[in-house]
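A quick write-up on the structure given underneath.
The values are calculated or read from the model by the stated rules, or taken from the named source; none is laboratory data. None of the values given here were measured: they were computed from a predicted structure. Cβ sites come from the backbone with ideal geometry, for glycine too, and all protein chains shown count toward neighbours. Surface areas here come from the heavy atoms of the whole protein model, side chains and all, with no ligands, DNA or RNA. Shrake-Rupley method; radii C 1.70, N 1.55, O 1.52, S 1.80 Å.
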Amino acid sequence: MIQHAPWFEESRLGMFVHWGLYSLAARHEWVMNREEITVEEYSKYFRRFDPDLYDPREWALAARNAGMKYVVLTTKHHEGFCLWDSALTDYKASNTPAGRDLIAPYVDALRAEGLKVGFYYSLIDWHHPDFTVDSVHPQRNADVGTLNEGRDMARYREYLHGQVRELLSNYGTIDYLFFDFSYPDGMDGHPAGGKGRADWGSEELLAMVRELQPGIVVNDRLELPGDFVTPEQYQPAGPMMSDGVPLAWEACQTLNGSWGYDRDNLDYKSPDLLVRMLVDGVSKGGNLLLNVGPTARGSLDPRAAESLAGIGEWVRLHGRSIYGAGPSSCVPPADARYTQRGDRLYVHLFAWPFGFVHLPGLAGKVEYAQLLNDASELRLQEPDPEQEAYATTPGAQPAGTLSVKLPVQRP
Ligand code: FHN
């Protein structure tokens, strides 16, 4: 549990939003890197960034209706483009056809819906003239030595700290900060090397963050321990621990493998799979930060909106089995996960059982069982008073639920 921010693990589900100039390219947020696009060539997107449909209230409402309790928006991704009216650069939304600060309305919209406010901030910056060309830079395969002449990471560090200070000073209480990311050993063995805490000034930066926003939660990507661990695009095998102590963790996941809007990518995870990812994570003590990539006009991708609606319907009926819930000491039957909140044990059936669900080791410990979607009772049996109980289940999986919950009330 993050002692200074219990809201984080009580929330269990948040929305990640990747939105920037790469949304115009509409094929990947690393397009600048993957296609080795120079800053000059990439400026075509800067000149055309005109999000006329941007309405963060739409995003906030979609998040709330999906059962999400916090939202994290890319204030600046690796491309270096800033969504807020930073005094430290001209490379910002207010200098594009958007013509305004886009962070202020985002923060207001979240607060209006009672959602916690999260910022993502990229440590990497492929636009800034002092950010040295390294193994992830779009120009990594050009003449790195010549390109780095005159570049000064100390000046970049000052810029980096100044921007974080702006973000944490100018928009009221910020609840969550996702720094991204450190690669001290470089990427893919590229000789241009990497960057880590010394390049970012991580210790000083983190101290400033805590001073400006004492209640904030910060992730673990400054090459320093943070408040929570960030497995990305995978689900840990079990609770994440350090020296036997459970860690707060959050799995960040995409809907279709891309973080930014990826027009031609149709490989969307089904709402049922997304729900099972959520439940799996909570059963291991983790959160799910599920990503959407709005279009360059600022609207949610209709396919993402459909996924969110599907999750929202499940959470509407089953939210009490995830919010404030976590791992159980009981061992679940096959094809199931347990989440527990107080004396309520929730049995999440990932495969519909053959007329009953085993409750190993729970003989004499279960007083009542019901389906969560409609609160209908499930008859309990205790064939072996020393070992297990089981609850009888209807033949057909109840309609309207992506998976079924069984709050098993324990004395
Ligand atoms: O390089 C980024 C990537 O584009 C995306 O923002 C993810 C989200 O966690 N973080 C980095 C990859 O780990």
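Here are some notes:
- Over all other residues within a Cβ to Cβ distance under 10 Å of HIS190, the charged ones net out to -1, with Lys and Arg as +1 and Asp and Glu as -1.
- Inter-centroid distance (Cα atoms) of region 242-315 relative to region 86-161, Å: 25
- Summing charges over neighbours of ALA248, with a neighbour being any other residue whose Cβ is under 12 Å away from its Cβ, gives -3 when K and R count +1 and D and E count -1.
- Rounded to whole Hz, the Karplus (6.51, -1.76, 1.60) HN-Hα couplings of region 365-373, x for glycine and proline: 10, 10, 9, 6, 9, 8, 6, 7, 5
- From the largest down, region 41-111 spans 40, 23, 19 angstrom on the principal axes of its Cα atoms.
- Fraction of accessible area attributable to carbon and sulfur, region 142-223 (%, probe 1.4 Å): 48
- All Cα pairs of region 118-202, percent lying beyond 21 Å: 32
- Global form of region 336-389, assessed from the alpha-carbon gyration tensor, a/c cut-off 1.5: rounded
- Taking Cβ atoms as reference points and 10 Å as the exclusive limit, the residues near ASP130 contribute a net charge of 0, counting Lys and Arg as +1 and Asp and Glu as -1.
- For region 159-271, accessible area per residue (1.4 Å probe, heavy atoms of protein chains only), Å²: 43
- Only protein atoms count toward the accessible area here, which uses a 1.4 Å probe; on region 1-80, the carbon and sulfur part of that area reaches 48 percent.
- For LEU289, distant residues with modelled amide H under 5 Å away: GLY14, ALA251, CYS252, GLN253
- Estimated [θ] at 222 nm from DSSP helical runs (n ≥ 4, -39500 (n - 2.57)) normalised by residues in the chain, nearest 500: -7500 deg cm²/dmol
- Ordering GLY395, PRO333, LEU308 by the projection of their Cα atoms onto the charge dipole of region 305-411, which places +1 on the Cβ of Lys and Arg and -1 on the Cβ of Asp and Glu, puts LEU308 at the extreme positive end.
- Relative contact order computed over region 232-290 (Cα-Cα under 8 Å; 6+ residues apart), in percent: 44
- Taking all Cα pairs closer than 8 Å and separated by 6 or more residues, the relative contact order of the chain comes to 17 percent.
- Judged by the gyration tensor of its Cα atoms, with axes a ≥ b ≥ c, region 1-80 is prolate; a/c meets the 1.5 cut and a/b is the larger of a/b and b/c.
- Rounded to whole Hz, the Karplus (6.51, -1.76, 1.60) HN-Hα couplings of region 105-118, x for glycine and proline: x, 5, 4, 4, 5, 5, 5, 5, 9, x, 9, 6, 9, x
- For region 269-411, carbon and sulfur atoms together expose 52% of the accessible surface, with a 1.4 angstrom probe and every protein chain in place.
- Cα shape, region 152-242, gyration tensor, a/c 1.5 rule: oblate
- Range in the chain, longest, excluding exposed GluC sites (Glu not before Pro) [loop by DSSP; at most 11 other beta-carbon atoms within 10 Å]: 150-366
- Sequence-separation-based contact order of region 252-386, relative, with Cα cut under 8 Å and 6+ spacing, percent: 19
- Column: log10 I(q)/I(0), Debye, Cα scatterers of the chain, q = 0.11, 0.13, 0.14 Å⁻¹: -0.83, -1.08, -1.21
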